[in-house]
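Student: Below are the structure tokens for one structure; questions will follow.
The values are calculated or read from the model by the stated rules, or taken from the named source; none is laboratory data. All figures in this text were calculated on a predicted structure; none of them were measured in a lab. Note that we place each Cβ from the backbone using ideal geometry, even for glycine, and neighbour counts take in every protein chain shown. Areas reflect the complete protein model, heavy atoms only, side chains present, ligands, DNA and RNA absent. Shrake-Rupley method; radii C 1.70, N 1.55, O 1.52, S 1.80 Å.
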Amino acid sequence: MWGSTYLAIRVMVEDIPPLLGAGVRFVVAGAIMYAWLVWRRPPAARTTTRPQLVGAAVVGLLLMFGGNGLVTVAEQKVPSGLAALLISSVPLWVIVLRATYGGERVPGTTLASVAVGFVGVALLVLPGDRPEGAPLGWSLLVVAAAVLWASGSFAAPRLERPDDVLTATAWQMLIGGGAMVAVGLAIGEAAELHLGDVGADSWVAFAFLVFIGSIAAFTAYNWLLRHVAISTVATYAFVNPVIAVFLGWTVLSEEITAYVVAGTAVVVAAVAFVVLSPAEKAPAA
């Protein structure tokens, strides 16, 4: 599900401004999820303290706005497959955060794998070798999104958030999505949105992102962050790039260059070593 969202984002931004599209996506998904909680769960399940709401806001801004929002903006110029490949570096950034801010002693072999993985990222953004001439600045925006997504994943287990996973996910979507809508309106994206000109493909992509990419995938991700070691959660990075590159190639005829193949091999191999290393499989605290 998640690997296919990169294709859906690329299709959505053809007709819908990125921050408004991504923001409304998460606001709608969060509202649907919260309405379901009101309907199906007792009030105690939705009880949220102020510290828990602050924690949900921090994670929501980092994951939804910083991570997904920047990817959505970048995919106006960056092919969906390349975006997914750059985002696959998230586990490597998590290791960097653990070593620098988490006070953990990361094994030297793991750090070496991280260094190798970043060589792969460099291959993917080398000037002149990016597919379809994707601009360097826009590609680096995806790298920044990977850093922010890793920061949200790193912070989530360390912050106080609502006890109920669905409640936490709903608040994260509402806050992160609301922030994107506010910024999108502030920079004038509303003037760029002409509902009559939005094609059927973009509407289908938007609906897919709401129900599959947001409600289903983010709920699963939040549940995993609570119950599984983050290094294990990060194994999704194996699947997403392969699906995204394949779909981008088959559906949108996106270019796959030799440097993309080489960069992919290096990044995925490094991520594989990191997340499958015995030292990285300790249970989540």
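Student: How much accessible area per residue does the range 41-171 have, in Å², with a 1.4 Å probe?
Tutor: The answer is 38 Å² per residue.
Student: Moving to a separate point now. Place a point 7 Å from the Cα of Asp197 along the Cα-to-Cβ direction; which residues of the range 232-261 have their backbone N under 20 Å from it?
Tutor: No residues fall inside that zone.
Student: Also: Report ³J(HN,Hα) in whole Hz for each residue of the range 22-35, in order, from the Karplus equation J = 6.51 cos²θ - 1.76 cosθ + 1.60 where θ = phi - 60°; Gly and Pro get x.
Tutor: In residue order, the calculated couplings are 5, x, 5, 3, 6, 5, 5, 4, x, 5, 4, 5, 5, 4 Hz.
Student: Tally up the carbon and sulfur contribution to the accessible surface of the chain as a whole percent, 1.4 Å probe, everything protein left in place.
Tutor: Using a 1.4 Å probe with all protein chains present, the chain comes out at 70 percent carbon and sulfur.
Student: Determine, from the Cβ-Cβ distance of Ala207 and Ser253 and an R0 of 22 Å, the FRET efficiency 1/(1 + (r/R0)^6), rounded to the nearest 0.05.
Tutor: 0.40
Student: For the chain, what is one quarter of the convex hull surface built on the Cα atoms, given in nm²?
Tutor: 14.8
Student: Then there's this: In debye, nearest 20: dipole of the chain around its Cα centre with unit charges on the Cβ of K, R (+) and D, E (-)?
Tutor: Using only the charged Cβ atoms, the result is roughly 1040 debye.
Student: If you don't mind, another one. I need the Kirkwood Rh of the range 45-199: take the reciprocal of the average 1/r across all distinct C-alpha pairs and report it in angstrom.
Tutor: 17.2
Student: Right, something else. Quick one: longest stretch of the chain between exposed loop GluC sites (Glu not before Pro), exposed meaning at most 16 other C-beta atoms within 10 Å and loop per DSSP?
Tutor: Counting only loop sites that pass the neighbour cut-off, the longest clear stretch is 161-254.
Student: For the range 62-70, what does the Karplus curve 6.51 cos²θ - 1.76 cosθ + 1.60, with θ = phi - 60°, yield as ³J(HN,Hα) per residue in whole Hz, taken in order and with x for Gly and Pro?
Tutor: Computed from phi, the couplings for the range 62-70 are 6, 7, 6, 6, x, x, 6, x, 5 Hz.
Student: Let me ask something else about it. Which residue, Val94, Leu123, Leu148, has the largest displacement toward the positive end of the dipole of the range 48-195 when charges sit on each Cβ (Lys, Arg +1; Asp, Glu -1)?
Tutor: Val94
Student: For the range 126-270, rounded, prolate or oblate, judged on the Cα gyration tensor with a ≥ b ≥ c (square roots of eigenvalues), a/c < 1.5 rounded, else prolate if a/b > b/c?
Tutor: oblate
Student: Could you tell me which residue out of Leu111, Gly69, Met1 lies farthest along the dipole of the chain toward its positive end? Charges go on the beta carbon: Lys and Arg +1, Asp and Glu -1, centred on the Cα centre.
Tutor: Going by the Cα projections, it comes out as Leu111.
Student: Based on the alpha carbons, how large is the Rg to Rh ratio for the range 4-120 when Rh follows Kirkwood?
Tutor: 1.07
Student: May I ask you to evaluate 6.51 cos²θ - 1.76 cosθ + 1.60, the Karplus curve with θ = phi - 60°, for each residue of the range 174-185 and list the ³J(HN,Hα) values in order in whole Hz, giving x for glycine and proline?
Tutor: 5, 6, x, x, x, 5, 5, 4, 4, 5, x, 5
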